[in-house]
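The next block holds one structure in the form of structure tokens; read it before the comments.
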């Protein structure tokens, strides 16, 4: 195994993994520079928006391929809609839940929505953590397939993400 030099200071562009230098992930700016277009134009092309010539679109997608660039989901969600629905399962091995997820994904795809799936590993605590992770990802809708979600979480999630669906969940009585 190759070791880094003694005076090596790790930075995002020179980290060593098993002795091999690792480069930082490419950004939209590096794609724009490679394609010789503005960051704004590269962004529009990647999002599939109009106003980008076919020639520039081709250059941008070629630069993405060369750099192995993939859009940053987190950065994208800071400015706009995530177009994502979160599904949280109690048990990922449950065949009924698997069929429900498949059906939800088919329907979501017809509306150009992405689906992220997480599970609670048969633990109420982990289930709540998985739901909170979905909220941190700024999902635009959430489906929870479990009866283990506490009623206070049900109420909280419903207020944050109005399009919420709770299956196999006892809905708390409103007083």
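Side notes on the structure shown:
- Scanning segment 88-103 turns up at least one residue that is part of a loop (DSSP other than H, G, I, E, B) and in contact with a helix residue (DSSP H, G or I) (Cβ under 7 Å, 6 or more places away or on another chain).
- Qualifying residue in segment 136-146 (condition: in contact with a helix residue (DSSP H, G or I) (Cβ under 6 Å, 6 or more places away or on another chain) and part of a loop (DSSP other than H, G, I, E, B)): yes
- If the condition is being in a helix (DSSP H, G or I) and in contact (Cβ under 8 Å) with a residue 24 or more places away in the chain, then segment 107-132 contributes 124, 127, 128, 130, 131.
- Qualifying residue in segment 42-55 (condition: crowded, with 18+ Cβ neighbours inside 10 Å, part of a helix (DSSP H, G or I) and either modelled with pLDDT under 85 or under 17 Å from the mean Cα position of the chain (by Cα) (or both)): yes
- Cβ separations smaller than 7 Å between residues 6+ apart or across chains give the following pairs from segment 42-57 residues that are assigned by TED's automatic domain parsing to the domain that holds residue 27 to residues that are part of a loop (DSSP other than H, G, I, E, B): 44/51; 44/52; 45/52; 46/71; 56/37.
- Evaluation of residue 168 against the conditions (1) modelled with pLDDT under 80; (2) buried (at least 19 other Cβ atoms within 10 Å of the Cβ) shows that the sole unmet condition is (2).
The values are calculated or read from the model by the stated rules, or taken from the named source; none is laboratory data. Quantities reported herein were computed from a predicted structural model and do not represent experimental measurements. We place every Cβ from the backbone using ideal geometry, glycine too, and count neighbours over all the protein chains shown.
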